[in-house]
Amino acid sequence: MSNAFDFPGGIYPPERKQRSNQSALIEAPLPRRVTLPLQQHSGQPAKPCVAQGNAVKVGSVIAKREGMVSSALHASISGTVSEVSTTQISIEGDGQDEWLRLPPLVWQNVEPHALLERLNESGIVGLGGAGFPTHIKARVVEQHTIHTLVINAAECEPYITADDLTLRHYANEVLEGAQIIAKLCGAQHIVIGIEDNKPEAIDALKQALTNSQPVPVELAVIATRYPSGGERQLIKKLLDLNVPSGGLPADVGVLCHNPGTLLAILHAVRDGQPLVSRVVTLTGEAITQPGNRWVRLGTSVRELLEQAGLNTPELHQVIQGGPMMGTPLLTLDTPVTKLTNCLIAATLEELPPPPAESPCIRCGECESVCPVALLPQQLHWYARAQDDAKLERYHLFDCIECGACSYVCPSHIPLVVDYREAKSRLRLQRIETAKAEHAKHRFEFRQARLAREEAEKQARKQARQAQQRRPSNTAATNSEKVDLRGLRIAHAAAKASVKKAEKTLARVAQEDPKQSLDDLEMQLATAQENLKAAELQLAQAREQQSNEESP
Amino acid sequence: MSMMHASGVKDAMTATAVPPTASLMRWVIAATLPGIATMSYFFGLGVISNVLLAAAFGIALEAAVLRLRKRPIRVTLNDSSALLTGVLLGTSLPPASPWWLVGVGMIAAIVVAKQLYGGLGHNPFNPAMVGYALLLVSFPTYMTLWAPPQEMLPNDLWAQITGTLPTAQLDSLSGATPLDAFKHKGDAVLASEFWAANPLPNGTLTAWRWVALAWLVGGVVLLAKRIISWHIPIAMLGSLVLLDTLFYLSDPSHFASPLFHLLTGATLFGAFFIATDPVSAATSQRGKLIYGAGIGALVIIIRTFGGYPDAVAFAVLLMNLCVPLLDIYSVPRPTGQQKASPGKPGEQP
């Protein structure tokens with residue numbers, strides 16, 4: 001059934017996966033020093049909670065979640081914190097590799113909120129590339145009914161074999177991780193989407209599927225075609241559902257997870273092991289020992305490639321991610337993060353720079369390969385002309401930046417670069433136009449904070465009075481009749497507005513991971529302050545009432 | 001950011017890789033060779049002199065304008081698009097056209113229709129057809145001088161090309177093309193009577209058929225190499241055949257058969273080499289189908305009811321006019337969008 005539906009377009013670039021999928025998945029040597037950026041996920045950067053000189057173990061929390069869409073960060077080696085800056089934390093290793101694990105949980109027996117909290121404190125984010133905090137994604141059930149969990153093992157980009165090797169080695173664990181998420185989101189059905197160029201991983205999955213699964217799992221092997229691993233493309237192909245423009249898979253009752261993330265989820269729940277390492281594909285013609293490694297987060301890319309036999313004179317560029325959607329690294333002295341799924345050390349011959357750009361001849365080849373059925377050449381036209389109204393009308397923001405259009409363009413136009421520039425310009429514009437709104441939200445936040453502080457002051461005062469055990473009749477005469485009902489309504493309203501702010505934030509963050517979230521985080525903080533104030537007032541009023549009733 | 005590019009990877013599946021723009025142009029030029037060879041065989045070396053002259057004018061004019069526009073000359077000439085325009089206009093002209101006729105046509109094509117609009121990729125009209133149409137309306141005497149099939153090296157070839165042939169002798173060169181003859185048969189003459197009278201010089205109809213088939217060969221090569229997509233030629237030929245079948249069935253005694261329209265004039269040449277010019281055609285697949293169908297229908301309408309025997313140039317130019325409109329109304333429905341047409345202004349995407 002898996003090939004019954006299809007998405008438009010697509011290309012068949014050379015796969016070049018053999019280079020890295022021939023050897024087994026092994027541990028990379030323990031790094032002596034790690035550098036952990038505070039922003040390894042979409043949303044707000046984490047906030048450091050250690051100081052220079054602190055001793056840490058593997059798994060110690062070194063930075064906490066800041067705001068709602070954010071993720072905690074853990075030490076990936078044991079040793080001493082050597083530097084805490086505004087953007088990163090460095091740890092000098094002691095070579096002991098001492099661990100600090102959370103207590104193991106038996107996921108079948110614990111409550112969903114405990115599982116969510118575990119995902120939150122383990123710093124799990126989507127390891128497929130977007131880095132969206134998993135605990136927020138798992139809370140989607142609060143607004144949507146999920147019927148199907150899709151395991152996105154398509155891994156359609158050339159070179160990358162991290163999911164392939166993960167599945168070969170950990171098929172059972174990945175499936176168990178999927179069961180955890182299925183439990184959390186209430187999915188009744190799990191579908192694994194995998195391209196037919198990974199026979200070993202498919203075999204491993206078939207083997208693992210002979211074990212009984214609480215939620216039924218279907219293995220859907222699909223034809224290899226780029227970009228079948230795009231979330232929307234895969235959902236279309238497997239389930240024939242169209243995720244609406246600007247919407248989320250959850251809008252059609254689907255949740256999508258990458259095998260690496262599911263494995264990390266299992267490790268966090270079953271073993272209490274936070275996210276401190278990940279599988280990275282090391283490949284390209286400029287290294288002699290390609291393959292997949294378990295790499296501690298924060299390991300230097302240079303160190304990692306040199307251990308894999310980097311041939312520096314031959315090296316032309318290192319690409320983080322795949323050759324279609326990845327980014328060339330400007331320096332090798334950069335750490336592996338939660339988002340690093342692949343490092344390609346490419347020679348000049350292997351990935352030559354495109355020839356000089358020539359004018360668009362409107363051949364329409366880009367349109368025939370676009371998996372979203374956009375008109376890339378029209379978008380190119382409008383992007384170059386900075387015709388923003390037209391860009392929006394031609395659905396620029398539906399572009400998934402897969403690069404199929406650039407790949408086939410006979411005029412070698414870097415189309416996706418143009419689209420990305422246009423998108424960030426439009427995002428900036430949206431922030432500019434919302435500036436007045438933003439100022440208003442800042443003001444509201446300040447008001448809410450002051451109100452909450454006032455409420456706290458009142459509460460403290462009342463507590464003092466209660467301690468002094470004043471005669472109750474004075475209290476009763478001083479205060480008017482307490483409007484308990486009104487306060488309860490206000491409290492409920494405050495609670496609802498927190499929920500609403502959380503919902504909006506989670507949604508916007510997932511819809512467009514690159515959109516700035518400051519304003520929405522501020523609105524959420526305001527709602528939270530209001531809720532605190534309302535809670536305090538309500539508690540105060542209740543106490544007062546009980547005092548009145550029992551003098 | 002895509003670091004991989006179809007033309008940069010040698011292990012790509014070649015069936016899906018489109019060649020770069022410059023080699024795309026060269027492939028089209030190469031695909032005209034069967035047609036040009038066949039035409040020369042039947043109509044003499046005047047065909048080749050046309051092509052060479054037009055190509056030379058094309059390159060020289062493009063270089064001159066690029067120099068005036070202070071644009072890189074060599075890189076741009078290297079895309080071979082001016083050369084292609086020359087080849088296409090050259091093959092469209094009556095064999096052994098005088099040099100100045102070719103020159104005027106190429107000025108209209110390269111300078112006016114292409115470079116004044118901004119060069120490759122920016123011209124709204126098919127340059128070769130602009131040149132052709134201009135010549136057709138300005139110099140009808142020369143443009144209808146289509147000699148009947150003759151030996152490879154006609155006697156007056158040099159005099160014709162240099163334009164030194166006395167005007168009195170021009171008429172002797174003229175021979176009606178099949179389309180021309182059929183058009184001017186007169187209402188009183190039934191089609192069957194017209195054919196029975198053997199109205200054309202010997203071998204004319206056969207020559208045109210062979211030439212048409214040679215263009216078809218070139219077109220199939222282009223389709224097979226994925227230089228052009230099937231949408232425009234199939235839509236154009238389809239609508240042409242369909243419309244003419246309706247006419248023909250309604251009154252076979254006055255209308256020509258679909259096969260006649262397919263295999264004479266510039267039908268197949270136009271379908272594969274002219275209408276498929278991507279720059280001036282519609283871009284979306286649906287748009288291409290409408291565009292092609294429009295050309296096919298216009299060809300039949302102009303040939304049947306208009307003042308000119310053939311109509312590919314006018315049909316293409318008229319449909320070029322419609323392209324901006326087609327581009328707006330043939331937008332495909334992006335995945336996840338409710339509607340196909342672009343959103344309204346100000347509407348959130």
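Kindly state, to the nearest 0.05, the FRET efficiency for A:LEU330 paired with A:THR210, given R0 = 51 Å and r defined as their beta-carbon distance.
After rounding to 0.05, the efficiency reads 0.60.
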- request: Give me the number: length gained by fully extending B:LEU325 to B:ASN202, i.e. 0.36 nm times residue separation minus the C-alpha to C-alpha distance, one decimal in nm.
  value: 39.7 nm
Spatial separation of Cα centroids for segment A:49-121 and segment A:267-299, in angstrom: 17 Å
message: What is the sum of charges, Lys and Arg at +1 and Asp and Glu at -1, for the other residues whose Cβ falls under 9 Å from the Cβ of A:MET325?
response: -2
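What number, in percent, do you get for the relative contact order of chain A if the mean sequence gap of Cα pairs under 8 Å and at least 6 apart is divided by its residue count? Mind dumping the intermediate values first?
Values: 1083 pairs, mean separation 88.4, N = 551.
This gives 16 percent for chain A.
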- prompt: Roughly how many debye, to the nearest 20, is the charge dipole of the protein assembly as shown about its Cα centre, given +1 on each Lys and Arg Cβ, -1 on each Asp and Glu Cβ, and no other charges?
  reply: 2060 debye
statement: What helix-only [θ] at 222 nm does chain A give? Using -39500 (n - 2.57) per DSSP H run of at least 4, over all residues, to the nearest 500, the answer is -13000 deg cm²/dmol
field: Backbone HN-Hα couplings from phi across segment A:129-139 [Karplus 6.51/-1.76/1.60, Hz, Gly and Pro as x]
entry: x, 7, x, 7, x, 5, 5, 6, 4, 5, 7
- request: Could you pull out every one of the aspartates and glutamates with an alpha carbon less than 16 Å from that of A:LYS503, ignoring same-chain neighbours closer than 8 positions?
  value: A:GLU142, A:ASP251, A:GLU511, A:ASP512, A:ASP518, A:ASP519, A:GLU521
Span from the segment A:364-389 Cα centroid across to the segment B:269-334 one, whole angstrom: 22 Å
- request: Using a Förster distance of 45 angstrom, determine the FRET efficiency expected from the C-beta separation of A:GLU456 and A:GLN96, and round it to 0.05.
  value: 0.50
- prompt: Once you put a point 7 Å from the Cα of A:THR347 and another 7 Å from the Cα of A:ARG542, both along the Cβ direction, what distance in nm separates them?
  reply: 7.3 nm
message: Which entries of A:LYS47/A:LYS495; B:LYS114/B:LYS185; A:LYS390/B:LYS114 have Cα-Cα distances beyond 28 Å here?
response: B:LYS114/B:LYS185
field: Charge tally in the Cβ shell below 10 Å around A:CYS409, where Lys, Arg are +1 and Asp, Glu are -1, A:CYS409 excluded
entry: -2
- prompt: Residues with amide H under 5 Å of A:ALA63's amide H, sequence separation 5 or more or different chain, H placed in the peptide plane at 1.01 Å from N; which?
  reply: A:CYS49, A:LEU73
- prompt: Cross-link partners among lysines for A:LYS198, C-alpha distance below 16 Å, same-chain residues fewer than 8 apart left out?
  reply: A:LYS17, A:LYS206
- request: Mind listing the long-range amide H neighbours of A:THR347? Cut-off is under 5 Å, sequence gap 5 or more, other chains count too, H placed in the peptide plane at 1.01 Å from N.
  value: A:GLU285, A:ALA286, A:HIS316
message: Could you give each residue of segment A:320-326 its phi-based ³J(HN,Hα) in whole Hz, using Karplus coefficients 6.51, -1.76, 1.60 with θ = phi - 60°, and x for Gly or Pro?
response: 8, x, x, x, 8, 10, x
- prompt: How far is the Cα center of segment B:104-176 from the Cα center of segment B:37-70, in Å?
  reply: 11 Å
field: CD proxy at 222 nm, helix term only [per DSSP H run n ≥ 4: -39500 (n - 2.57); per residue of chain B; nearest 500]
entry: -18000 deg cm²/dmol
statement: Nearest-0.05 FRET efficiency for A:GLU357 and A:GLU432 at R0 = 22 Å, using Cβ-Cβ distance, is 0.10
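Between B:THR164 and B:SER253, what length comes free when the chain is fully extended (0.36 nm per residue of separation minus the Cα-Cα distance, one decimal in nm)?
Values: separation 89, 0.36 × 89 = 32.04 nm, distance 4.33 nm.
Computed gain between B:THR164 and B:SER253 is 27.7 nm.
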message: In whole Å, what are the extents of segment A:365-433 along the principal axes defined by its C-alpha atoms, from largest to smallest?
response: 37, 20, 17
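FYI, it's all coordinate maths here, none of it is from the lab. Keep in mind that what you see is a predicted model, and the values were worked out from it rather than measured. Reconstructed Cβ throughout: ideal geometry from the backbone, glycine too, with neighbour counts over all protein chains shown.
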